[in-house]
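Taking it in order: structure first as structure tokens, then the write-up.
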Amino acid sequence: MTTQRRSSSNTSRRNEASRRAILTAAFELIQEVGYAKLSIEGIAARAGVGKQTIYRWWPSKGAVLFDAFLLMLGGEQPPGGEAALPDTGDLEADLKTVLRATVEELNDPRYDEPMRALNTEITHDPALAALYAERLDGPMREMKKRRLRSAQRAGQLAEDLDLDVAVEMVWGPLLNRWLQRSGALTPEYADSIVETALNGLRPRH
């Protein structure tokens, strides 16, 4: 029995090591060769595994890239509880802090190509789109709504505000400009989004 447990533990460690090697290889390769030239064969060669090992865990290179991106972002929720946006009581300042951090991330060359590739794959792959919604976009949207809901309770936003629409109004312009490369992503632009959105979202007296 002890031998079986030890064997199972060793297999689990090998599987986790292979998984991380594959995800790291995918993230590195997409920055070197671009998404169009990224292949399962190339990922397998870089990671030192067989193609079938990759296909056993992921159905496509888009799915591999999505998990690689999550790993590079830190993977699981931080220890000690659920992730949350800053809540200092000053909604405008908190949103500006978050959007400025988003600008910095979107301007980071390490993430630019992987994020653009993911957006392309999500557009064409319904299964990957559903996975993205479940594991990343959905939880992030709920986190944003919790911060706005806190502002509602504090009387800083209208009680009948549609929080889903509000999230799109605050974060949508930034992501749209990044996707379409229609202008510079700057801290000043992030601030102007927050100010413009909140001027229309604050309750009327």
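The values are calculated or read from the model by the stated rules, or taken from the named source; none is laboratory data. This is a predicted model, so every value here is computed, not measured. Neighbour counts run over all protein chains shown; Cβ positions are idealised from the backbone, glycine included.
Odds and ends about this structure:
- Of the residues making up the stretch 24-60, those that are over 19 Å from TYR111 (Cβ atoms) and aliphatic (A, V, I, L, M) are ILE40, ALA44, ALA45, ALA47, VAL49, ILE54.
- Qualifying residue in the stretch 73-83 (condition: surrounded by fewer than 16 Cβ atoms within 10 Å (Cβ to Cβ) and in a helix (DSSP H, G or I)): yes
- For the stretch 100-116, filtered to residues that are aliphatic (A, V, I, L, M) and in contact with a Leu (Cβ under 6 Å, 6 or more places away or on another chain), the residue that is farthest from ARG181 (Cα to Cα) is VAL103.
- Boolean, TYR35 is in contact with a helix residue (DSSP H, G or I) (Cβ under 7 Å, 6 or more places away or on another chain), of a type outside the set (A, V, I, L, M, F, W, C), in a loop (DSSP other than H, G, I, E, B) and touching a residue at least 40 places away in the same chain (Cβ under 8 Å): yes
- Qualifying positions in the stretch 146-178 - in contact with an Asp or Glu (Cβ under 7 Å, 6 or more places away or on another chain) and within 14 Å of VAL98 (Cα to Cα): ARG147
- Residue check, TYR111 in contact (Cβ under 8 Å) with a residue 12 or more places away in the chain, assigned to a helix (DSSP H, G or I) and either more than 28 Å from ALA184 (Cα to Cα) or not assigned by TED's automatic domain parsing to the domain that holds THR196 (or both): no
- Enumeration of residues in the stretch 109-119 that are at pLDDT 90 or above and surrounded by 14 or more Cβ atoms within 10 Å (Cβ to Cβ): MET115, ARG116, ALA117, LEU118
- The condition (being outside the structural domain of GLU28 (by TED's automatic domain parsing) and under 30 Å from LYS61 (Cα atoms)) is satisfied by just one residue among LEU163, LEU148, LEU157, LEU174: LEU174.
- Flag not set for LEU163, criterion: touching a residue at least 24 places away in the same chain (Cβ under 8 Å) and surrounded by 12 or more Cβ atoms within 10 Å (Cβ to Cβ).
- Out of ALA83, ALA151, sole residue that is of a type in the set (Gly, Ala, Ser) and under 14 Å from the mean Cα position of the chain (by Cα): ALA83
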